[in-house]
Structures are given as C-alpha cells and as structure tokens.
1. Every residue in region 138-169 that is at pLDDT 95 or above and either in a loop (DSSP other than H, G, I, E, B) or of a type in the set (Phe, Trp, Tyr) (or both), please.
2. Anything in region 7-27 that is assigned to a loop (DSSP other than H, G, I, E, B), within 11 Å of Leu158 (Cα to Cα) and either among the β-branched types (Val, Ile, Thr) or in contact with a Pro (Cβ under 9 Å, 6 or more places away or on another chain) (or both)? List them, or say none.
3. Looking at Ala98, is it more than 20 Å from Leu146 (Cα to Cα) and touching a Pro at 6+ places or on another chain (Cβ under 7 Å)?
4. Can you list the strands (runs of 3 or more DSSP E) lying wholly within region 78-136 that have 2 or more residues being surrounded by 12 or more Cβ atoms within 10 Å (Cβ to Cβ) and touching a residue at least 24 places away in the same chain (Cβ under 8 Å)?
5. Looking at Ala62, is it among the aliphatic types (A, V, I, L, M), surrounded by 16 or more Cβ atoms within 10 Å (Cβ to Cβ) and on the phi > 0 side of the Ramachandran plot?
6. Pairs under 8 Å by beta carbon, first residue in contact (Cβ under 8 Å) with a residue 40 or more places away in the chain and over 24 Å from Glu117 (Cβ atoms) in region 137-150, partner of a type in the set (Ser, Thr, Tyr) and surrounded by fewer than 17 Cβ atoms within 10 Å (Cβ to Cβ), six or more apart or different chains?
7. Quick check on my filter: what residues within region 30-62 are in a strand (DSSP E or B) and more than 16 Å from the chain's Cα centre (by Cα)?
8. Name every residue in region 138-149 that is out of contact with any helix residue (DSSP H, G or I) (no Cβ under 9 Å at 6 or more places or on another chain) and surrounded by 15 or more Cβ atoms within 10 Å (Cβ to Cβ), in order of residue number.
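The values are calculated or read from the model by the stated rules, or taken from the named source; none is laboratory data. In this text the structure is predicted, and so the values were computed from the model without any measurement. Positions of Cβ are generated from backbone atoms using ideal geometry, with glycine treated the same way; all protein chains shown enter the neighbour counts.
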Amino acid sequence: MGFTHITDICNFISPFACAKSAGTWTPTVSSDIVSDVRTAADAAFDVLIPIALPGSAIGLQAAKLVSIDVWYEIGTAAADDFATVELDKVVLSPDGDAITGSNPAVTIDADHDTAAERLAVDEHKMNVALDTPVFIQDDEAWFLNLNIDAAATTVFTLTGAQANFTLRL
C-alpha cells in the first residue's frame, strides 16, 4: 500500500470567503478580475483569511502549511497603518474545555516586512511564510489576520489569497 506525497501545491482562497470587520465592501468584476473592494473611509478594519486545508490526528499525514500569499491593492491614498499581519492557530477543544489560540512565528517577504511597505499605494503580493511549517491537526482552525487602518481616501481591494502546502496522505 502506498501513500501520496505532493510538494509545492496550493489552494486559492476567494476574497468572498474572507471575513471583513468594518466598512462597505462591494464584490466587483472588472476586466475579468474578481475582487472585493472597500469603499474609502477613515477607519481601521480587519481582513480574516481562512486557511482551510485537510488535517489529521495522525502525525505527518495531512496538509503541511508552508506559506500564504495575499493579493491586494491600495489605491488613491496610502493607508495610515498596516502593522498587523499575524497567523492565528485556533485549537478547537473537546466539550467543556476552552478553545485556545496562538500565533505561530512567521516571516513576511522583503517587500512587505514593514508596515510602510504594506500600506503604500500599489498592487501587492505579500508572502507570509511559517518559520516552521506544520502539519494541520484535526480540531485546528487557521486564519491569517490583517489589520489595516485606512486613510479617508484609501481604497482597499482584496483579490484573494493562496495557501501553499505539502500534501501527505
């Protein structure tokens, strides 16, 4: 009996699968590009990107999360701040036990490793890599949390994200 071991595989995450904490968001199709566009407003907001990959209670079996790419655009004016980019690991405990969360260590690519680079007017592809890639366990949920503080005329466009992983079954 054999097993599957596929490296360098990915899963696209639609901008519509992501939760957004504040603002007016408009699903948009322009020039065959699908995105979710936040109307300009001076306010902070979160984008929570779910990382839905297969998990398992059996060690070294499941998806091994390596990194996440995020495609977004900041238009009209730079944001006031874009300090938070964190990976949230949520452990879904048995009945009666508290659900817990943690932030595994990540490294952000050289073009986005400071808030000043992330908040600039531009089209962005940000890579967030786990310092230690991990196999997803059962009873775990993973999210990438982005916190952006928009200026009055900042238009934020989310095109989507991609989870990069190794699959072992």
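1. Selection gives Trp142, Phe143, Ala150, Ala151, Ala152, Thr153, Thr154, Phe156, Phe165.
2. Cys18
3. no
4. Fully inside region 78-136 and qualifying: 81-91, 106-108, 122-135.
5. Yes, satisfied.
6. Close Cβ pairs (under 8 Å, with a partner that is of a type in the set (Ser, Thr, Tyr) and surrounded by fewer than 17 Cβ atoms within 10 Å (Cβ to Cβ)) amount to Gln137/Ser56; Asp138/Ser56; Asp139/Ser93.
7. Hits for region 30-62 are Ser30, Ile33, Val34, Val37, Arg38, Ala44, Ala62.
8. Glu140, Ala141, Trp142, Phe143, Leu144, Asn145, Asn147, Asp149 - these are the residues of region 138-149 that are out of contact with any helix residue (DSSP H, G or I) (no Cβ under 9 Å at 6 or more places or on another chain) and surrounded by 15 or more Cβ atoms within 10 Å (Cβ to Cβ).
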